[in-house]
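Quick notes on the structure that follows.
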Amino acid sequence: MSPTTPQLVDLMIEARWVVPVEPHAVVLEDHAVVVQDSVIVALLPIAEARAAYAPLERVELREHVLIPGLINSHTHNPMTLLRGLADDLPLMVWLQQHIWPAEAKVIGPEFVRDGVELAVAEMLRGGTTCANENYFFPDVIGATYRRMGFRAVVGLPVIEFPTAWATTQDDYFERACEVHDSFRGDPLVSTAFAPHAPYTVSDESFERIRVLSDQLDIPVHLHMHETAHEVTEEKNKSGLRPFQRLQKLGLINDRLIAVHMTQLTDGEIAACAEAGVSVVHCPESNLKLASGFCPAEKLRQAGVNVALGTDGCASNNDLDMFGEMRTAALLAKAVAGDAAAFDAAYALRTATLNGAKAIGLDAKIGSLEVGKQADLAAVRLSDLETQPLFHVISQLVYAASRHQVSDVWIAGRRKLADRVLLDIDTDAVLARTHAWRERIAAH
Ligand SMILES: [Zn+2]
């Protein structure tokens, strides 16, 4: 008998394997994650866990690997309702003739709320527990994530023309500060500035963003160097590459979350590393829109923090971070001309701890470590599609699919149990989605 009484805790999850991500590339066998009040209080061998802790709830995952919940570092989740609306078109035709007109007809609080609900359901079933969001109506987006118990960083949009969300520049900034204030201290929802892109935001607005992001201590999340065309246009306009322009404005710093970055010189890569810029790689969106290839392996070698995002569902067309990890690894190898580049453990890191670092939450999430939030996903590896099993992390990245995600927790709360969403009325979400489909198709 144990000399001490086992400590009462909320939850113990026992798994055949645990990949904590930190330390890097480690696979623990027959370990348990112990959770109290949303926080991981221990990660240790199952036998020791059973001797030391008396959990109110115990979950046994005998055929599963437990990983940190995946972090989608760039997405526009209300656009999930536009999935598959227009495909196989060049970027500007797709945007100007299809996506923007459709959005103009439907955009508003209800569209945003229903799109995020559908996205949360999809993300949970794919092992994703946190999204870095970038869309209009951040008040509604944040409230929806909070109500659904899903972790998110909500972008505060800034763009140089009137939209359904705001009209003047002052209006954008006033609303941004209001939304930021309304989520201060929220355990799940925080904010970032989300200037759309260098080509749609003025120097004056960027200067305001730089000052405010310092004062409020929040990240700056923007699309950048998505295509060669964008870089050429800016050079014609200001004589500078977008990166140089942002450097001049003081925005190339460790708050910057630069999304896409398919066009980078070696000097710009070195500058990103030195300044602590995070780059979000969205390989499937870049491939589908033929935007270009992010030099992900070069960025990794230079020491840049590389995270992973799906981008919006209208250009992907899913929120599948397993698919994104695999595509990122395969594409990086092809671009680098090196099969050893961007290995499986690194791919998993871009979808977890590097994402957390990009959004400024790496002290809280991104790895399974004592003191961090219990954001977890379990993946069943006993299916024939993932057998035989030699290397757990390789199997996760190169063979497993999101359909093998069985269980998900956010802040210690179980959200998915054996593939069933616990606090989402799936039928109601689908009914609202069908109604939007009819409305959008009618246009
Ligand atoms: Zn985007």
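All of the numbers you see were taken from the coordinates with simple rules; none came from a lab. The model shown is predicted, which means the values in this text are computed figures rather than measured ones. Here the Cβ is made from the backbone with ideal geometry for all residues, glycine too, and neighbour counts use every protein chain on show.
Which stretch or stretches of region 70-88 have amide N atoms under 19 Å from the point lying 7 Å from His443's Cα along the Cα→Cβ direction?
It comes to 76-88, nothing else.
Going by C-beta contacts inside 10 Å, put Val27, Val420, Val153 in order with the fewest on the left.
Val420, Val27, Val153
Over region 1-108, what is the relative contact order in percent, taking alpha-carbon pairs closer than 8 angstrom and at least six residues apart?
Numbers: 144 pairs, mean separation 29.3, N = 108.
Here the relative contact order equals 27 percent.
Output the relative contact order of the chain, whole-number percent, from Cα pairs under 8 angstrom with separation of 6+ residues. Display every interim value, and only then the final one.
Working: 958 pairs, mean separation 92.6, N = 443.
Relative contact order comes out at 21 percent.
Counting other C-beta atoms within 10 Å, which of Tyr135, Tyr199, Tyr145 has the fewest, and how do the rest follow?
Numbers: Tyr135 23, Tyr199 16, Tyr145 26.
The order, fewest Cβ neighbours first, is Tyr199, Tyr135, Tyr145.
Counting Lys and Arg as +1 and Asp and Glu as -1, what is the net charge of the other residues whose Cβ lies under 12 Å from the Cβ of Arg380?
Numbers: positive: Arg16, Arg62, Arg402, Arg419; negative: Glu63, Asp383, Glu385, Asp407, Asp418.
For residues surrounding Arg380, the net value is -1.
If the cut-off is a Cα-Cα distance under 21 Å, which lysines reach Lys357, setting aside same-chain residues fewer than 8 apart in sequence?
The reachable lysines, counting only those whose Cα sits under 21 Å from Lys357, are Lys298, Lys372.
Relative contact order, percent, of region 305-390 when contacts are C-alpha pairs under 8 Å separated by at least 6 residues?
On the way: 73 pairs, mean separation 19.8, N = 86.
It comes to 23 percent, rounded to a whole number.
Given the alpha-carbon gyration tensor of the chain, what are the semi-axes of its equivalent ellipsoid in whole angstrom, ordered largest first, with each equal to the square root of 5 times an eigenvalue?
Values: eigenvalues 251, 117, 93 Å².
Whole-Å semi-axes of the equivalent ellipsoid: 35, 24, 22.
Where both partners of a DSSP beta bridge lie in the chain, what percent of those bridges are antiparallel, to the nearest 5?
Values: 28 of 66 bridges.
Just about 40 percent of them are antiparallel.
Order of Leu156, Leu28, Leu216 from fewest to most other C-beta atoms within 10 Å?
Values: Leu156 29, Leu28 21, Leu216 16.
Placing the least packed residue first, the sequence is Leu216, Leu28, Leu156.
Need the list of aspartates and glutamates near Lys364 for cross-linking: C-alpha distance under 12 angstrom, and skip anything on the same chain fewer than eight residues off.
Asp375
With just the Cα atoms defining each centre, how far is region 18-47 from region 100-140? Give it in Å.
32 Å
Sort 278-286, 320-328, 368-376 by the packing proxy (mean of other Cβ within 10 Å over each peptide's residues), most packed first.
Result, highest mean first: 278-286, 320-328, 368-376.
Going by alpha carbons, how many degrees (0 to 90, nearest 10) lie between the helix axis of 138-148 and the longest principal axis of the chain?
In the chain, helix 138-148 runs at an angle near 10 degrees to the longest axis.
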